[in-house]
Amino acid sequence: GNAMSIQAQVEEGATGNAGNLTLETGELLVSQGSQILVATLGEGNGGELTVNATQIELIGTNPINGFPNGLFAGVAPNATGTGGNVTIFTQGLRIVDGALLDASTFGEGDAGDLRVVASDRIEVMGFDPQGNASFIAAQVNPGATGDAGNLTLKTGELLVSQGGQIGVATFGEGNGGDVTISTQGLRILDGATLDASTFGKGDAGDLTVVATD
């Protein structure tokens, strides 16, 4: 497939808020340099991203620039607006080969919350050719002062394997978000990680896992 970009964002210098982006589909495949993005580069707030799909696959990285394929809700450097929330409803979510599901801040604004409800399973596994892991992330990036969003995952089975990662981290002054995982079955294999860390001045968020079997 060809590269695809679906965006709802506040441009640099803009003060108005972005609109919301809603995708309803059977199967959503994000690969080959594709991104679905809600972001703010200015003072306005980013829009909400809602995805309602039977199956979602986020696969790999852009073959030209190596940037991860995936779904993103972000606050750009120097932006003061709040990032939009991402809410995903699906039966199954697969994130493989270095793809990313990400709600992060690089600026002053707080990142939005990231919530996934997957009735069957969530899989996060593998690396891209440069060794970057597949990731579900909500983080404060270096130089950012805004707080990260919270990350909530609710699923039948959560499989994190082959180096895949789920985490909230702060590398800046802002505080990390909380991770809340509710699942009937949790498997973490082959060097995979669940993590809530701080590498900066901000406080790390809490990591809560409720596994019912």
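Just checking, which of I56, I64 is under 18 Å from I122 (Cβ atoms) and of a type outside the set (G, A, S)? Break it down into steps so the answer makes sense when it comes.
Working: I64 fails: under 18 Å from I122 (Cβ atoms).
Answer to the selection: I56.
One residue is enough: does the stretch 91-101 have a residue meeting the conditions open to solvent by 40 Å² or more (accessible area, probe 1.4 Å), modelled with pLDDT of 95 or more, in a strand (DSSP E or B) and not charged (D, E, K, R)?
Step one: filter the stretch 91-101 for residues open to solvent by 40 Å² or more (accessible area, probe 1.4 Å), giving 91, 94, 97.
So of that shortlist, the ones also modelled with pLDDT of 95 or more come out as 91, 94, 97.
Okay, now just the ones that are also in a strand (DSSP E or B), so 91, 94.
Imposing the further condition that a residue be not charged (D, E, K, R) reduces the set to 91.
Looking through the stretch 91-101, at least one residue is open to solvent by 40 Å² or more (accessible area, probe 1.4 Å), modelled with pLDDT of 95 or more, in a strand (DSSP E or B) and not charged (D, E, K, R).
Which number in (1) free of Cβ contacts under 8 Å to residues at least 40 places away in the same chain; (2) open to solvent by less than 30 Å² (accessible area, probe 1.4 Å) marks the one condition that G149 misses?
Looking at each condition in turn, G149 falls short on (1).
With the structure loaded, tell me whether T50 is at pLDDT 85 or above, buried (at least 19 other Cβ atoms within 10 Å of the Cβ) and under 16 Å from the mean Cα position of the chain (by Cα) or whether it fails that test.
Working: at pLDDT 85 or above: yes; buried (at least 19 other Cβ atoms within 10 Å of the Cβ): no; under 16 Å from the mean Cα position of the chain (by Cα): yes.
Judged against the criteria, T50 is not a match.
Quick check on the stretch 153-196: of everything there that is in contact with a Phe, Trp or Tyr (Cβ under 9 Å, 6 or more places away or on another chain) and within 17 Å of A111 (Cα to Cα), which residue is most open to solvent (accessible area, probe 1.4 Å)?
If we filter the stretch 153-196 for residues that are in contact with a Phe, Trp or Tyr (Cβ under 9 Å, 6 or more places away or on another chain), which is where we start, we get 162-167, 169-172.
Those still in the list that are within 17 Å of A111 (Cα to Cα) too: 166-167, 169-172.
Details: I166: 3, G167: 6, A169: 11, T170: 0, F171: 81, G172: 8 Å².
The residue in question is F171.
Please find, within the stretch 69-86, the residue that is nearest to E123 (Cα to Cα) out of those that are open to solvent by 30 Å² or more (accessible area, probe 1.4 Å) and touching an Asp or Glu at 6+ places or on another chain (Cβ under 8 Å). Reasoning before the result, please.
Applying the first criterion (open to solvent by 30 Å² or more (accessible area, probe 1.4 Å)) to the stretch 69-86 yields 77-78, 80, 82, 85.
Remaining after also requiring touching an Asp or Glu at 6+ places or on another chain (Cβ under 8 Å): 78, 80, 82, 85.
Working: N78: 34, T80: 33, T82: 29, N85: 21 Å.
So the residue we want is N85.
Cβ-Cβ below 9 Å, separation at least six or inter-chain, first residue in the stretch 39-58 and within 21 Å of F106 (Cβ to Cβ), second among the aromatic types (F, W, Y): which pairs?
A39/F72; L49/F72
So which residues in the stretch 107-125 are open to solvent by less than 50 Å² (accessible area, probe 1.4 Å) and either under 11 Å from the mean Cα position of the chain (by Cα) or more than 20 Å from V209 (Cα to Cα) (or both), if there are any at all? Steps first, answer last, please.
Within the stretch 107-125, the subset open to solvent by less than 50 Å² (accessible area, probe 1.4 Å) is 107, 109, 111-112, 114, 116-118, 122-125.
Residues satisfying the conditions are G107, G109, A111, G112, L114, V116.
So for the stretch 126-133 (the condition being touching a residue at least 60 places away in the same chain (Cβ under 8 Å), over 24 Å from G33 (Cα atoms) and open to solvent by 40 Å² or more (accessible area, probe 1.4 Å)), does at least one residue qualify?
No.
The values are calculated or read from the model by the stated rules, or taken from the named source; none is laboratory data. Keep in mind the model is a prediction, meaning the values are calculated, not measured. With ideal geometry, Cβ positions are generated from the backbone for all residues, glycine too; neighbour counts draw on all protein chains shown. Note: accessible area is taken over every heavy atom of the protein model, side chains too, but ligands, DNA and RNA are not part of it. Shrake-Rupley method; radii C 1.70, N 1.55, O 1.52, S 1.80 Å.
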